[in-house]
Amino acid sequence: MKDSEHLDDLVDMLLREVVGGESPPDVRARVLNATRLIAGAPHVVRRPAVRIPQRRKSFPVFAMAAALAFLMCVLALLGSRRIANARTPVVVAQNGQVEVPAGGLAKDRILTTGEASGVTFAWMDGTRVEVGPAAEVRFPRARFWERAKTIELVKGMIRAEVTPQPKGAPLRIGTADADVVVLGTQFSLTRKYGMTRLEVTEGQVRCESAIGTGIVVNAGSFAEAKQGEAMTTGGIADKSECVVRGFTLMDADTDLAIRDLTDGEAVSLSALPSPRISIRSDFDGDAPVSMILNVTRDDKKHTGIITYEHPSLPPQSHAPYFVTGDYSSIGRSADAQPWTPKPGKYRVE
């Protein structure tokens, strides 16, 4: 009861404060009734609302890293495949007896040509190499990131037309005697006679010998390298000014001329001063700085001459030039080596 009276007094006081005097009876009655109803209701303590933040979805870091690693592997594989295709040549033409390795010209495979045969291979950038007869070319295994084209001339002759190569990735051709570094030019390279000969027809080619010396060979010049010896260089004779007019039969014992040879002539050894003979090449104009002479038999049998595949015969780099070679290695370039041919038909080229 006291609580009710206190409630009435409290309502009266609040109404006076709000109204500024005595409030109308009906207003007072409605406020009292509402107040009693609220006072009789269960006491509820309202706690301040707590907002629980939603949990962020975690970013798939591990999945993203795995996807990125996979993408990098795919790009690396595609890049290495593109580099491998760019440095691996393919055969574009061939004639005669040619042995092309199965699986392409890469990974330590060897390409060979027979007598009177030839093959041409090319790279994607248009660089072409023509391989002559009785030649052997090896394609070394390369690391997957290497861009440089590399081949090895084991024996025989090649002619190359090289398009400009990327910086730091030249075409490299190795032999037993020298390494040739090419950026873009035309040249021929021969590995015979126990030596390597480079002839440049256009541009420049760097030639590095096996003993560590290197020179730049310009167009119209040649370089010859032999294991353990310094390289020799010189100018290539102009073919228009140097013409082979014929051949002279020589007495190899006296190094004197016997007579000029004519095409198709039959020679009897018994009618000669000595059966130990040689054949000298004769020129109109100045003799070339070097000469390659080939002697073959029509029946394909061995001629008995130590040919360019035999390293015991030193290269002829001084005129006169004999089909049998000379003794240039001991300072006797005009001294022909002897030859006693067996009966048969021979061809000199």
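The values are calculated or read from the model by the stated rules, or taken from the named source; none is laboratory data. Bear in mind that the values here come from a model prediction, so they are computed numbers and not experimental data. No Cβ is skipped: glycine too gets one built from the backbone with ideal geometry, and neighbour counts run over all protein chains shown.
If you check GLY194, GLY184, which single one turns out to be farther than 16 Å from GLU130 by Cα and touching a residue at least 12 places away in the same chain (Cβ under 8 Å)?
The unique qualifying residue is GLY194.
When the stretch 166-180 is examined, which residues are found to be at pLDDT below 85 and not small (Gly, Ala, Ser)?
Hits for the stretch 166-180 are PRO166, LYS167.
Run down GLY235, GLY214, GLY194 and say which single residue is at pLDDT below 90 and at positive phi.
Only one candidate passes the filter, namely GLY194.
In the stretch 173-199, which residues are more than 20 Å from ILE211 (Cβ to Cβ), crowded, with 20+ Cβ neighbours inside 10 Å and polar (S, T, N, Q)?
Answer for the stretch 173-199, where residues must be more than 20 Å from ILE211 (Cβ to Cβ), crowded, with 20+ Cβ neighbours inside 10 Å and polar (S, T, N, Q): just THR185.
On the basis of being of a type in the set (A, V, I, L, M) and closer than 26 Å to MET291 by Cβ, does ALA169 make the cut?
Criteria not met by ALA169.
Could you check how many residues of the stretch 181-193 are under 15 Å from ALA169 (Cβ atoms) and outside any loop (DSSP other than H, G, I, E, B)?
2
Can you work out which of the residues in the stretch 66-123 that are touching a strand residue (DSSP E or B) at 6+ places or on another chain (Cβ under 6 Å) and part of a loop (DSSP other than H, G, I, E, B) is modelled with the lowest pLDDT?
ALA106
Please tell me if MET250 is modelled with pLDDT under 85, surrounded by 14 or more Cβ atoms within 10 Å (Cβ to Cβ), under 30 Å from THR340 (Cα atoms) and of a type in the set (A, V, I, L, M).
It is false that MET250 is modelled with pLDDT under 85, surrounded by 14 or more Cβ atoms within 10 Å (Cβ to Cβ), under 30 Å from THR340 (Cα atoms) and of a type in the set (A, V, I, L, M).
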